[in-house]
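The values are calculated or read from the model by the stated rules, or taken from the named source; none is laboratory data. Here the structure is a predicted model, which means the values were calculated and not measured. Positions of Cβ are generated from backbone atoms using ideal geometry, with glycine treated the same way; all protein chains shown enter the neighbour counts. What goes into the accessible areas is simple: the full protein's heavy atoms, side chains included, and nothing from ligands, DNA or RNA. Shrake-Rupley method; radii C 1.70, N 1.55, O 1.52, S 1.80 Å.
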Amino acid sequence: MSTWLSYKDGEVESFHPAFEECAFEVLDELGLSDDLEWSHHLRTAGVSTIPDYVLREKKSGKWLLAFEIKRTPDAVLSTRFQLQAKGYAETNQDLFVVNKPKFFILSNLELTLLFALNRENAPTGCLLRNGVY
């Protein structure tokens with residue numbers, strides 16, 4: 001298990017490995033690692049923005065969610081970073097599973113917010129609470 005993370009630790013050097021340790025283990029424990037995979041800094045053709053992680057189907061490569069990691073709770077609550085996370089889902093809409101919500105997450109591994117694209121709404125209009133906007 002990872003050691004305690006500090007808000008001063010680097011996102012890529014510390015927070016990403018801590019996330020990976022848990023995320024891959026969860027897929028294994030749920031018996032989903034044959035069907036789903038986490039991709040780190042997945043680059044897509046013609047798109048310059050790169051999400052920290054994408055959960056996607058192994059066979060189709062279709063996205064289920066984009067996951068953006070920050071260091072502090074304030075960063076997770078920041079409109080700027082919520083717009084950044086939303087941008088990953090918006091820019092890559094065609095890569096998501098068809099006719100399913102296009103989820104995006106912003107987390108510092110302490111505070112996690114789940115969103116789904118909701119037409120042209122700002123992130124506050126995409127935030128899910130108890131499964132609804």
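General remarks:
- Complete set of residues in region 77-133 that are crowded, with 17+ Cβ neighbours inside 10 Å, touching a Ser or Thr at 6+ places or on another chain (Cβ under 8 Å) and among the hydrophobic types (A, V, I, L, M, F, W, C): Leu95, Ile105, Leu106, Leu113
- Within region 47-61, residues that are small (Gly, Ala, Ser) sit with their Cβ atoms under 9 Å from residues that are open to solvent by 30 Å² or more (accessible area, probe 1.4 Å), at 6+ positions apart or across chains, in these pairs: Ser48/Thr91; Gly61/Leu95.
- Any hit, region 65-72, residues being more than 22 Å from Asn118 (Cβ to Cβ), crowded, with 16+ Cβ neighbours inside 10 Å and among the aromatic types (Phe, Trp, Tyr): no
- Each residue in region 1-18 was checked for being within 17 Å of Gln84 (Cβ to Cβ) and open to solvent by less than 40 Å² (accessible area, probe 1.4 Å), and 2 of them qualify.
- Taken over region 50-109, residues that are in contact with a Cys (Cβ under 9 Å, 6 or more places away or on another chain) and not in a helix (DSSP H, G or I) amount to 2.
- Lone qualifier among Asp52, Asp35 - being at pLDDT 95 or above and open to solvent by 60 Å² or more (accessible area, probe 1.4 Å): Asp35
- Residue within region 56-79 that is touching a Lys or Arg at 6+ places or on another chain (Cβ under 8 Å), β-branched (Val, Ile, Thr) and modelled with pLDDT of 95 or more present: yes
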